[in-house]
Each structure stands twice: as C-alpha cells, then as structure tokens.
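Here the structure is laid out as structure tokens; the discussion comes afterwards.
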Amino acid sequence: MIVFRILWSLIAWPLALVWMTLLFVAAMPFLFFVPFKSVQKKGFAQLFGLIPHLTLSTMRVVTHPEFCSSRMSLYVQNHNSMLDGHVGLAVVPTVICGLQNAAHLHVPIYGWLMRLGKAIPVPANRTGRLQALAEVAKSRAAEGISILVFPEGHRTRDGRTRPYRTGGLFMAREAGLPIVPICVRGLYEILPRGAWIIRPGKIEVYMGPQIETDGLSDEQLVALAEKLTVYTQTWVDGQEPDPISMA
C-alpha cells in the first residue's frame with residue numbers, strides 16, 4: 001500500500017501542477033477582458049475544485065436545509081491542508097474570492113493572479129484596517145462575490161480545529177454579511193501539513209446555514225468565534241453539529 005501511495009503521489013503532484021497551469025493559461029485572456037465574476041461562473045472554479053480528486057479520495061457534501069445558496073456571505077472554513085482552497089471552490093455555490101496579505105499581491109505572477117482573482121488585500125498597518133477591509137468586502141458583495149476565509153490562520157498540526165480568530169467576523173459584521181461555516185473532515189488524514197505522500201480517503205464537508213451578524217456586539221462576535229470552533233470540531237469528530245444560537 002505504501003508503495004502505491006508513493007508512486008501515485010509522484011504522479012499526482014505533477015498532474016495537479018499541469019492542470020492548474022493549463023487553467024491559469026486558459027483563464028488569463030478572459031480575465032483581462034471579462035469580469036472575474038463571469039469567468040469564475042463559466043466553470044473555472046469547479047475545474048480548480050477537481051484537484052482534491054487527484055488524491056483518489058471521494059467527496060461528500062452535506063448542506064443544512066436552511067442554507068441559502070444565492071446569498072453573498074463570508075464563508076469560514078477550517079484549515080487542514082494545502083487543498084483547502086480547492087475544496088472551498090468545489091463546494092461554495094457562489095463566486096468567491098479570498099483574503100491575501102497585501103505584500104503578496106506585489107509578488108510577480110502569483111500576486112498578479114491574486115489581483116485578477118479579486119483577492120482582498122490585508123494591509124500590515126492595523127490602523128483603520130477593519131474599516132478598509134469592510135469597505136472592500138461590501139464592494140465584492142455588491143458585485144455578487146462572496147468571501148472565503150480560514151479563521152484559524154494556519155493549517156492544523158494535529159487535526160484539531162484551532163481557535164477561530166475574530167478578524168473575519170468583525171469584517172463581516174461591518175460589511176453587512178452573514179457567516180456560513182464550512183466544516184471539513186478527512187482532508188487532514190489525506191494530506192496533512194508538511195506531507196507529500198497522499199493517503200486516499202474520504203473528504204466530508206458540512207455546509208451550515210447563514211448566521212446573521214447584523215447587530216452583534218464585539219463580545220458576541222468573540223463568543224461566535226468560540227462557538228464556530230466547537231461547531232467545526234464536532235463535525236471533525238464525526239457528528240453533525242447543533243445549530244448556533246446568538247440569542
């Protein structure tokens with residue numbers, strides 16, 4: 001079994017690189033002349049979302065019945081693997097962009113691609129940062145673009161959900177966006193941080209309902225971050241999480 005995993009990993013990594021390169025090359029001409037939203041809607045998101053299948057793993061998505069697929073939202077996803085973004089692209093039904101360190105947007109090629117992908121730059125200076133991010137988030141929502149963030153900040157080292165940071169939640173409130181938790185289990189076991197040998201398995205995703213942020217106090221947002229951490233870990237532990245109440 002280990003021999004097969006090593007051999008397939010040696011094949012899958014180059015395949016993934018070639019696939020993403022081809023998609024970038026195919027998308028670039030459109031991105032210069034066609035709005036990003038239209039390009040992603042034409043299927044490029046789903047094509048990038050095929051990458052996790054190169055692990056020879058199955059993917060199952062469970063959606064809460066109260067989840068509204070057409071609402072612009074801030075999606076918060078637990079951070080297990082370098083494939084997390086691809087999973088997000090595969091399961092989020094709306095056009096999405098992400099947050100990106102502002103300095104990274106100046107990196108040749110990579111930064112250009114992130115700009116074309118409507119990434120929201122996070123400035124290093126904290127003064128006025130929240131309001132600036134909220135304004136950009138509002139403009140993205142007005143364009144019909146949702147936002148995907150990984151509030152743990154870094155990939156888990158042990159498979160457990162790290163405490164969620166509150167920055168994205170504050171941004172969502174100021175931008176008037178609801179929160180949608182995306183809980184992923186199985187991906188850590190397939191390709192954990194620092195690993196290159198793929199271990200095929202099952203990727204199971206739970207898409208929770210929108211959680212309203214309008215009117216929540218700072219203290220309630222801190223409490224919400226804690227509840228989202230537990231909510232996600234419940235799914236990681238193999239159970240369907242209970243609804244989150246902010247009452």
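The values are calculated or read from the model by the stated rules, or taken from the named source; none is laboratory data. From a predicted model like this one, the values you see are computed outputs, not experimental measurements. Here the Cβ positions follow ideal geometry from the backbone for every residue, glycine too, while neighbour counts run over all protein chains shown. These accessible areas exclude ligands, DNA and RNA; they are computed on the full protein's heavy atoms, side chains included. Shrake-Rupley method; radii C 1.70, N 1.55, O 1.52, S 1.80 Å.
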Review point. Pick from segment 110-146 the residues that are open to solvent by less than 60 Å² (accessible area, probe 1.4 Å) and charged (D, E, K, R): which of them is nearest to the chain's Cα centre (by Cα)?
Key: Lys118
Review point. Which residue, of Thr232, Thr161, Thr156, is touching a Cys at 6+ places or on another chain (Cβ under 6 Å), of a type outside the set (Phe, Trp, Tyr) and within 24 Å of Ser57 (Cα to Cα)?
Key: Thr232
Exercise for review: Among the numbered conditions (1) touching a Leu at 6+ places or on another chain (Cβ under 6 Å); (2) surrounded by fewer than 19 Cβ atoms within 10 Å (Cβ to Cβ), tell me where Val107 comes up short.
Suggested key: (1)
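For every residue, the table says whether it meets (1) exposed (fewer than 14 other Cβ atoms within 10 Å of the Cβ); (2) touching a Gly at 6+ places or on another chain (Cβ under 9 Å).
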| position | (1), (2) |
| --- | --- |
| Tyr188 | no, yes |
| Arg199 | no, no |
| Tyr206 | no, no |
| Ile211 | no, no |
| Leu221 | no, no |
| Pro243 | yes, yes |
Check your understanding: Are there any pairs, at least 6 apart or on different chains, whose C-beta atoms fall under 6 Å, with the first in segment 1-25 and more than 21 Å from Gly201 (Cβ to Cβ) and the second open to solvent by less than 70 Å² (accessible area, probe 1.4 Å) and not acidic (Asp, Glu), and if so, which?
Key -> Leu23/Leu47
Review point. Within segment 80-103, is there a residue that is surrounded by fewer than 14 Cβ atoms within 10 Å (Cβ to Cβ), in a helix (DSSP H, G or I), modelled with pLDDT under 90 and out of contact with any His (no Cβ under 9 Å at 6 or more places or on another chain)?
Key: yes
Check your understanding: Can you spot a residue in segment 28-38 that is of a type outside the set (Phe, Trp, Tyr), under 20 Å from Arg199 (Cα atoms) and surrounded by fewer than 16 Cβ atoms within 10 Å (Cβ to Cβ)?
Key -> no
